[in-house]
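The values are calculated or read from the model by the stated rules, or taken from the named source; none is laboratory data. All figures in this text were calculated on a predicted structure; none of them were measured in a lab. Reconstructed Cβ throughout: ideal geometry from the backbone, glycine too, with neighbour counts over all protein chains shown.
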Amino acid sequence: APAGDTQTESGELRTADGVPILISININDPAEIDTLDPATAGVGLMRSEFSVTSLADAANEERQLAIYRHVMEQAGEKPVTIRMLDIGGDKPLAGLEDLPTLDSGLRGIRLLLARPEIARVQARALLRAAVFGRLSVMLPMVTFPDEIDRMREIFREEAEKLGRRSLLHRMPPIGMMVEVPAAALMLDTFGSAAFFSFGTNDLAQYLAASARDDIDADAGKAAPAVLRLIAQAVKLTSGKPVSICGDMAGNPSYLPGLLAAGLRHFSVAPARRPAIRSAIIGLNADGTRAAGE
Ligand code: PEP
Ligand code: MG
């Protein structure tokens, strides 16, 4: 490797002062897994709503299993975090147009719990896919701890049903997106979450009362508030794995603030990985610029 290239084949990368950093990738289209760079730590976020785009897909356990299984097999030894369907709000699902999802607050995990038949099919497909690699399941738009408990119960019940049918399955760790300000402020109360990943796209939107792709939020006006909230929330994670998968993670200008907040695992769009990787090499773990940089 060239001098200064501190990311090894295993995906290991260090800050200038030697603190290990992980860079995973976000995937939307599941075909993106086929070009997974060996230096990537894994898949930090697979948005399943790009694989399950209609009510018919949502009801099709075998189709979902085939997609998730393929992703697991392509990832091999690397960990993969698949996020359960994040629909409602800005993310429609064909066939669900009749639901009062827009502006009703019914989205992400709340929608899944309101339509448990959708959640149960996906839970079964994920439980079965977990056999093929290192799967974690992530819950979208979690606001209150009981939402995790209720989803865990769904996984437990569906695992029991799969067991009765002698279908191979495995219980994956179940963690949560931190993208609703109320959850970020109260992160120490989410005892049943196995891990946390910050979603800055929604966090910025809901902190700044902006539109999702608001130009000011994009340009960074909301970023100081988002960074301060993340820094506070990281202190509430009680040693559980924590990462960031929102778009701020893929923008090198936020890296000093995110490192200073204590983040050590960044999940970014594949195209953003090289820029983040080189920026990390030039920074200390406290976010300051390394001497000579
Ligand atoms: C986020 O909100 O930052 C996030 C990663 O989720 P999505 O972009 O899919 O809403
Ligand atoms: Mg989000």
Given (1) surrounded by fewer than 19 Cβ atoms within 10 Å (Cβ to Cβ); (2) within 16 Å of ligand 2 (Cβ to nearest atom); (3) among the small types (Gly, Ala, Ser), identify the lone condition not met by GLY108. (1)
So, ALA123, is that one farther than 17 Å from ALA193 by Cβ, among the hydrophobic types (A, V, I, L, M, F, W, C) and either away from ligand 2 (no atom under 16 Å from the Cβ) or over 19 Å from the mean Cα position of the chain (by Cα) (or both) or not? no
Going residue by residue through segment 144-160, is there one that turns out to be in a loop (DSSP other than H, G, I, E, B) and either closer than 16 Å to VAL242 by Cα or not basic (Lys, Arg) (or both)? yes
Within segment 172-186, how many residues turn out to be within 16 Å of ligand 2 (Cβ to nearest atom) and of a type outside the set (Val, Ile, Thr)? 8
Meets criteria (within 21 Å of THR81 (Cβ to Cβ), in a loop (DSSP other than H, G, I, E, B) and either within 16 Å of ligand 2 (Cβ to nearest atom) or among the hydroxyl-bearing types (Ser, Thr, Tyr) (or both)) for SER166: no
If I filter segment 103-116 for residues that are of a type in the set (D, E, K, R), under 17 Å from ASN60 (Cα atoms) and either under 20 Å from the mean Cα position of the chain (by Cα) or modelled with pLDDT under 95 (or both), do I get at least one hit? yes
Residue ID - nearest to ligand 2 (Cβ to nearest atom), chosen from residues in segment 228-246 that are under 19 Å from LEU207 (Cβ atoms) and surrounded by 20 or more Cβ atoms within 10 Å (Cβ to Cβ): GLY246
Checking the condition at pLDDT below 95, in contact with a Gly (Cβ under 9 Å, 6 or more places away or on another chain) and of a type in the set (Lys, Arg), which residue from ARG134, ARG212 passes? ARG212
Matching helices (runs of 4 or more DSSP H) fully within segment 173-279 where at least 2 residues are without any contact (Cβ under 8 Å) to a residue 24 or more places away in the chain: 200-208, 215-219, 223-234
Considering segment 138-163, residues that are among the β-branched types (Val, Ile, Thr) and away from ligand 2 (no atom under 16 Å from the Cβ), and then whichever is farthest from ILE27 (Cα to Cα), we arrive at ILE154
Evaluation of LYS91 against (1) at pLDDT 95 or above; (2) within 16 Å of ligand 2 (Cβ to nearest atom) (one fails), failing number: (1)
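Residues checked against (1) within 16 Å of ligand 1 (Cβ to nearest atom); (2) part of a helix (DSSP H, G or I); (3) closer than 22 Å to PRO173 by Cα:
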site: ALA56; (1), (2), (3): no, yes, no
site: ARG63; (1), (2), (3): no, yes, no
site: VAL71; (1), (2), (3): no, yes, yes
site: GLU77; (1), (2), (3): no, no, yes
site: ILE82; (1), (2), (3): yes, no, yes
Going through segment 35-54 in order, the residues found to be out of contact with any strand residue (DSSP E or B) (no Cβ under 7 Å at 6 or more places or on another chain) and not in a helix (DSSP H, G or I) are LEU36, ASP37, PRO38, ALA39, SER51, VAL52
